[in-house]
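Encoded as structure tokens, the structure appears first; notes follow it.
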Amino acid sequence: MWWKYFKGIIAPSILSTLRMLVFTMLFAFVLGFALSIAMVITRPDGLKPNNKVYKVLDFIVNSVRSFPIIILIVAISPITRMIVGTTIGEKAAILPLTIAATPFLARIFENAFIQVDKQLIEAARSFGASNMQIIFRVMLKEAIPTIVSGTILTTITYLSCTTMAGAVGAGGLGAVALNYGYQSFNNAVLYTSVLLLFIMVQLIQWLGDWLNKKL
């Protein structure tokens, strides 16, 4: 009976969870990186200070980060339906998860960039480096270990968010654990789902530790 549940319900939900997580982190990484560069440049002590622009970006980042993920999924459901065509399923979950993860990563990347030694930046500027050269050849190079560790932390955080998204129709292990495990009083399905999430977290953390050692 356990194998029947695993083959028919749990195994497909693993792939669904991984797809949600991979696409969410891919989109959020690109958008968060671009947003962090804009914030680093326009900070009051940035490469090209612009206090008004920075305050707007800072407000957006803080505002989006303040929403619990389930509330955010429900709140932007009309936008999700307009863009994706539905509010149910893994495709519909990727949009709100990306919106939630983007400012989270942007703040991590910004903090990684501003921790770079100011003397290195001034030295690069004295050699005539442009702002983009300073960011990509100096700041990014120095910040890579922090960026990797922050990305791994975010990936683990939003793995748990995919399970919460499952509670509102996103599918994946969260939906299986809730619908076929908890609500159906099936402890085998419930605890198998929990164990699989635990294994995923351990594998992601192992990958992060391995990358940090390499870098």
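The values are calculated or read from the model by the stated rules, or taken from the named source; none is laboratory data. Quantities reported herein were computed from a predicted structural model and do not represent experimental measurements. Note that each Cβ is placed from the backbone with ideal geometry, even for glycine, and that neighbours are counted across all protein chains shown.
Okay, here's what the table says:
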{"read-out": "Failed criterion for Val61 (all others in (1) out of contact with any Phe, Trp or Tyr (no Cβ under 9 Å at 6 or more places or on another chain); (2) closer than 28 Å to Lys118 by Cα; (3) at pLDDT 90 or above; (4) surrounded by 13 or more Cβ atoms within 10 Å (Cβ to Cβ) hold)", "value": "(1)"}
{"read-out": "Considering residues of the range 158-190 that are among the hydrophobic types (A, V, I, L, M, F, W, C) and farther than 25 Å from Leu72 by Cα only, the residue surrounded by the most Cβ atoms within 10 Å (Cβ to Cβ)", "value": "Val189"}
{"read-out": "Unique residue being in contact with a Pro (Cβ under 7 Å, 6 or more places away or on another chain), β-branched (Val, Ile, Thr) and at pLDDT 85 or above when the list is Ile41, Ile76, Ile99", "value": "Ile76"}
{"read-out": "Qualifying residue in the range 106-120 (condition: surrounded by fewer than 13 Cβ atoms within 10 Å (Cβ to Cβ) and either in a helix (DSSP H, G or I) or among the aromatic types (Phe, Trp, Tyr) (or both))", "value": "yes"}
{"read-out": "Residues of the range 191-208 classified as surrounded by 12 or more Cβ atoms within 10 Å (Cβ to Cβ) and more than 12 Å from Thr163 (Cβ to Cβ), total", "value": "6"}
{"read-out": "Qualifying residue in the range 156-176 (condition: among the β-branched types (Val, Ile, Thr) and without any contact (Cβ under 8 Å) to a residue 60 or more places away in the chain)", "value": "yes"}
{"read-out": "Some residue of the range 68-82 being over 15 Å from the mean Cα position of the chain (by Cα) and in a loop (DSSP other than H, G, I, E, B)", "value": "yes"}
{"read-out": "Qualifying positions in the range 33-56 - without any contact (Cβ under 8 Å) to a residue 24 or more places away in the chain and either of a type in the set (Phe, Trp, Tyr) or in a helix (DSSP H, G or I) (or both)", "value": "Ala34, Ala38, Thr42, Asn51, Lys52, Val53, Tyr54, Lys55, Val56"}
{"read-out": "Leading residue by the ranking (nearest to the chain's Cα centre (by Cα)) among those in the range 130-157 that are among the small types (Gly, Ala, Ser) and crowded, with 17+ Cβ neighbours inside 10 Å", "value": "Gly150"}
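The rows are residues; the columns are (1) within 17 Å of the chain's Cα centre (by Cα); (2) modelled with pLDDT under 85; (3) farther than 25 Å from Phe67 by Cβ; (4) among the basic types (Lys, Arg).
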{"site": "Gly166", "(1), (2), (3), (4)": "yes, yes, no, no"}
{"site": "Leu173", "(1), (2), (3), (4)": "no, yes, no, no"}
{"site": "Ile204", "(1), (2), (3), (4)": "yes, no, no, no"}
{"site": "Leu207", "(1), (2), (3), (4)": "yes, no, yes, no"}
